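Colleague: Here it is: the structure, laid out below.
Bear in mind that the values in this text are calculations on the coordinates, not laboratory data. What you see is a predicted model; the values in this text were computed from it and never measured. Don't worry about glycine lacking a Cβ; one is built from the backbone with ideal geometry, like all the others, and counts go over all protein chains shown.
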Amino acid sequence: MKSVIKDLCPPFLWRTLQNVRRRVQPFQVRTNADNQDLDLYWTPEMAQVLETWADGNAWLEVQFLMANCEGKVLDIACGTGKTMTILNRERLDLYGCDISDLLIGKAIDRGLPRESLRVCDATQLPYADGEFDYSYSIGSLEHFTEDGIVKFIEEASRVTKAGSFHMMPTSRSGQDEGWMKTYQSFHNSSPQWWVARFEKKFSRVVVLDSNWNDHISIGKWFLCYH
């Protein structure tokens, strides 16, 4: 099982699999970010990894970020719905979407309401303008192509009235290292690179440190407000 997870795990999940890191092959930089690696999201192994990978960091942090928020909230690329379960409180009306019907099925199996979940592409959200008070994503946006990142941010801005919060890895070097291919393709760029893209659709962007990190990346939260 460990070897299967090793082969399938995207870079953002390495910290939860430190026993595998000795066998990690050197990453490669790709100059043309034209394709996403999507097949992973239809595997039971990835669904299992998504159940535990953010223990002790992102899942604690998102609870603090949402502590004073109220209203309708969208989890973009919600996976198996683990974060939604952690945040499930009376003040939050939680919804989730993901491109994988397998992962959405896992979210339904864990008891999340079927009517609150949608299978869709984050670059084409099937929601009305300003439908949500808040939205968030964790470990997702960096895996989109550059065109996909633009569309993802546009859609997050369009459907969100107050604030949209996004956590992702940024380069440990502080440089824009670009589109990389390890177990999954992703952008390993500087915080400034990301802020420049968020500021095109949000009037204020606040960057906070995350406790997540690995040997080439440092986690950051980008809090984007209208």
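Colleague: So what does the Cα-only Debye profile of the range 160-226 read at q = 0.14, 0.19 Å⁻¹, as log10 I(q)/I(0), no solvent term?
Modeller: Listed by q, the Debye log ratios stand at -0.41, -0.72.
Colleague: May I ask you to sort 99, 138, 104 by Cβ crowding, counting other Cβ atoms within 10 Å and putting the fewest first?
Modeller: In order of increasing Cβ crowding within 10 Å: 99, 104, 138.
Colleague: Which value, in nm² and rounded to one decimal, describes the direction-averaged projected area of the C-alpha convex hull of the range 112-159?
Modeller: 3.7 nm²
Colleague: Label points 7 Å out from Cα along the Cβ direction at residue 193 and residue 173: separation in nm?
Modeller: The answer from the label model is 1.0 nm.
Colleague: In whole Å, how far is the Cα centre of the range 129-197 from that of the range 80-126?
Modeller: Spelled out, the Cα-based centre of one part sits 19 Å from the other.
Colleague: All other residues with a Cβ under 10 Å from the Cβ of residue 67 taken together, and with Lys, Arg as +1 and Asp, Glu as -1, what is their net charge?
Modeller: Value of the local net charge: +2.
Colleague: If I stretch the segment between residue 101 and residue 89 completely, what's the gain in nm (0.36 nm per residue apart, minus their alpha carbon distance), one decimal?
Modeller: Length gained, residue 101 through residue 89: 1.8 nm.
Colleague: Sticking with this structure for a sec: ³J(HN,Hα) across the range 164-174 via Karplus (A = 6.51, B = -1.76, C = 1.60, θ = phi - 60°), whole Hz, x for Gly/Pro?
Modeller: Each residue of the range 164-174 in turn: 10, 10, 9, 10, 7, x, 10, 5, 5, 6, x Hz.
Colleague: Related question: How much length, in nm to one decimal, is gained on full extension between residue 128 and residue 115, taken as 0.36 nm per residue of separation minus their Cα-Cα distance?
Modeller: 3.1 nm
Colleague: Fewest Cβ neighbours within 10 Å first, please rank 78, 97, 224 accordingly.
Modeller: 97, 224, 78
Colleague: Listed here are the pairs 82/151; 161/181; 82/181; 106/200; 82/161; which of them are more than 28 Å apart at the Cα?
Modeller: Too far apart for the 28 Å limit: 161/181; 106/200.
Colleague: Based on a Kirkwood Rh over C-alpha pairs, give the Stokes-Einstein translational diffusion coefficient of the range 72-221 at 4 °C and viscosity 1.567 mPa s in µm²/s.
Modeller: This corresponds to a translational diffusion coefficient of 82 µm²/s.
Colleague: Can I ask one more? Could you give the length gained by full extension between residue 204 and residue 39, i.e. 0.36 nm per residue of separation minus their alpha carbon distance, to one decimal place?
Modeller: That pair, residue 204 and residue 39, stretches by 55.9 nm at full extension.
Colleague: Let me ask something else. What are the radius of gyration and Dmax of the range 44-157, computed over its Cα atoms and given in Å?
Modeller: 13.3, 37
Colleague: Sort 52, 43, 160 so that the residue with the fewest other Cβ atoms within 10 Å of its own Cβ comes first and the one with the most comes last.
Modeller: Details: 52 13, 43 17, 160 29.
With the fewest neighbours first, 52, 43, 160 line up as 52, 43, 160.
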